[in-house]
Amino acid sequence: MSENLWNIDKIPFVGTSSLRQGLGFRYYDAERVVAGKTMREWLRFGVAYWHSFQAELVDPFGEGTAQRPFDGKYSKPLDLALAKVDYAFDFYKALGVDYFCFHDRDIAPEGDTLRETNANLDKVVDAIEAKQKETGVKLLWNTSSLFTNRRFVSGAATSPFAEIYSYAGAQLKHSLEIAKRLGAENYVFWGGREGYENLWNTDLKREQDHIAAMFQMCVDYAKEIGLDAQFMLEPKPKEPTSHQYDFDAATTIAFLQTYGLQDHFKLNLEGNHANLAGHTYQHEIRVAREAGMLGSLDANQGDKLIGWDIDEFPSDLYETTAVMWEVLAEGQIGPHGGLNFDAKPRRTSFTAEDLFRAHVVGMDSYAAGLLVAARMHEEGLIEDLVSERYSSFDSGIGATVEDGTASLASLEAHSLDIPQADLVAATKSDHLESVKATINNYIVDTLGRA
Ligand code: XUL
Ligand code: CO
């Protein structure tokens with residue numbers, strides 16, 4: 001009998017001797033040093049309260065299938081909420097993660113008024129605060145659910161109804177106070193209903209002005225209460241609304257710049273959201289990095305065959321390698337970022353043990369990605385390829401573009417009499433298929449030796 005509420009022993013590192021995946025890490029060895037930092041320091045894994053302790057594994061056609069050790073034990077919602085704090089922290093300990101994330105409405109039931117709801121919330125926050133002290137597990141970020149309750153049917157900070165806008169601001173105020181109390185390293189805003197169903201009834205400009213004003217109020221209030229958590233917006237193009245304003249990294253950065261908010265926010269990027277926007281996860285991370293806006297990562301993956309947000313646990317090594325390549329190039333996930341598993345087991349993986357198994361797969365997949373990407377960096381694989389590809393800008397006419405001395409006239413003087421054959425000779429094959437296969441080789445060989 002193990003000593004936690006899940007009756008699961010601390011998940012050990014077992015290495016790669018067995019090919020059968022079970023309740024043991026093959027690659028994630030927390031204190032192993034890779035590229036100058038431990039795996040624990042690079043990866044900073046977090047557990048998402050909403051998926052792990054709230055979700056019942058429903059789908060649009062079927063009821064929940066999840067079997068959890070707290071099921072049926074508590075008749076009062078607040079008692080259940082308080083008990084879940086103990087289950088949650090036992091889960092973090094057994095899994096060996098250092099961080100967790102939650103929405104305000106994940107952790108405590110609503111009352112009839114915001115005052116009553118806040119009182120419920122404070123009781124649970126007391127319990128969380130005590131557990132954080134006892135275990136050393138930290139809050140990667142918290143957030144506010146401004147999309148679940150029916151009052152947010154037409155949005156929160158973009159609702160056309162001022163009463164709802166005001167309520168959202170009031171809810172955010174308390175949520176920021178909780179972030180301060182629990183020492184949140186970041187604070188996330190995901191605009192779950194901040195968008196529109198139909199443009200004919202929508203004043204797009206007015207809605208965006210309103211949400212920008214709300215963000216400014218949050219920035220001001222954080223300053224007032226001395227909250228230094230990194231604020232982050234989490235892009236997602238659609239679902240639940242047909243169009244959401246924080247469509248993707250590029251759109252979100254442009255929004256922040258338009259409203260002068262760019263110095264106060266970074267981005268929390270999610271794999272499945274990237275796919276819904278028609279991008280790879282790597283693309284979103286690269287765009288954010290180049291704008292100095294990489295904040296944190298919601299680690300999950302989509303499915304090629306399903307066109308909505310299914311929040312699968314990461315298992316695609318090609319993708320985890322690409323993500324960790326970007327993270328290594330950046331030197332960190334973000335100033336205070338981590339890998340939060342915004343992911344749920346499939347509806348058919350319904351046991352409590354599956355919740356552990358799914359996290360183990362996610363953690364191992366990212367640890368594997370880290371090992372492969374570190375080797376690629378060490379051997380300069382991509383760096384060499386890219387610097388060679390752009391080398392014609394290092395001297396001659398190319399250098400005049402980069403040092404700002406080129407003009408259309410100077411480009412014309414250079415190009416006017418160059419024959420077509422010489423221009424074709426100036427281009428080079430990418431050998432792209434070989435590049436992709438080389439990355440495969442790095443994955444196979446590095447993990448084969450791990
Ligand atoms: C929804 C989603 C959210 C945010 C936090 O798709 O990703 O869970 O991460 O609200
Ligand atoms: Co997310």
For the chain, with a Gaussian network of springs between Cα atoms less than 10 Å apart, report the residue from Y74, Y92, Y27 with the top mean-square fluctuation.
Y74
At 1.4 Å probe size, what's the solvent-accessible area of S415? Round to the nearest 10 Å².
60 Å²
Extending each Cα 7 Å along its Cβ direction at I225 and T113, get the distance between those two points in nm, one decimal.
2.0 nm
Along the Cα→Cβ direction, 7 angstrom out, place labels at A437 and L305. What is the inter-label distance in nm?
2.9 nm
What dipole magnitude, in Debye to the nearest 20, does the chain give about its Cα centre under +1 on Lys/Arg Cβ and -1 on Asp/Glu Cβ?
1200 debye
In whole percent, the fraction of accessible protein surface over the chain that belongs to carbon or sulfur atoms, probe radius 1.4 Å, stands at 53 percent
Please work out the average accessible area per residue across the stretch 31-378, using the 1.4 Å probe convention, and give it in Å².
41 Å²
Within the under-9-Å Cβ sphere about E284, not counting E284, Lys/Arg +1 and Asp/Glu -1 give a net charge of -1
Find the eigenvalues of the gyration tensor of the Cα atoms of the stretch 31-378, then list the square roots of 5 times those eigenvalues as equivalent ellipsoid semi-axes, largest first, in whole angstrom.
28, 26, 20
May I ask for the angle, rounded to the nearest 10°, between helix 249-258 and the longest principal axis of the chain, with both axes built from Cα atoms and the value confined to 0 to 90°?
90 degrees
Any chance you could check the Cα centroid distance between the stretch 1-34 and the stretch 53-112 for me, in angstrom?
23 Å
Pick from A426, A322, A83: which is most flexible by mean-square fluctuation in a GNM of the chain where alpha carbon atoms under 10 Å apart are linked?
A426
Only bridges whose two residues both fall in the stretch 252-352 count here: according to DSSP, what percent of them are antiparallel, nearest 5?
25 percent
Helix 281-290 axis, angle to the chain major axis (alpha carbon atoms, nearest 10°):
70 degrees
When ligands, DNA and RNA are left out and all protein chains stay put, how many square angstrom of accessible area per residue does the stretch 380-447 have with a 1.4 Å probe?
75 Å²
From Cα pairs below 8 angstrom and at least 6 apart in sequence, can you work out the relative contact order of the stretch 95-253, rounded to a whole percent?
22 percent
For D59, project a label point 7 Å along Cα to C-beta. Then give me every residue of the stretch 292-335 with its amide nitrogen under 20 Å of that point.
300-316
The value for the stretch 380-447 (convex hull of the alpha-carbon atoms, volume per residue, Å³) is 101 Å³
Beta bridges by DSSP in the chain, antiparallel share as percent, to the nearest 5:
20 percent
Going by accessible area, probe 1.4 Å, with all protein chains left in place, what is the ranking of Y245, Y390, largest first?
Y390, Y245
Angle check, please: helix 432-449 long axis (alpha carbons) against the longest principal axis of the chain (alpha carbons), in degrees 0 to 90, nearest 10.
50 degrees
For the stretch 233-291, rounded, prolate or oblate, judged on the Cα gyration tensor with a ≥ b ≥ c (square roots of eigenvalues), a/c < 1.5 rounded, else prolate if a/b > b/c?
oblate
Report the FRET efficiency, 1/(1 + (r/R0)^6), for V401 and Q67, where r is their Cβ-Cβ distance and R0 is 56 Å, rounded to 0.05.
0.35
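The values are calculated or read from the model by the stated rules, or taken from the named source; none is laboratory data. Since this is a predicted model, take the numbers as computed values, not measurements. Reconstructed Cβ throughout: ideal geometry from the backbone, glycine too, with neighbour counts over all protein chains shown. The area values use the complete protein model at the heavy-atom level, side chains included, leaving out ligands, DNA and RNA. Shrake-Rupley method; radii C 1.70, N 1.55, O 1.52, S 1.80 Å.
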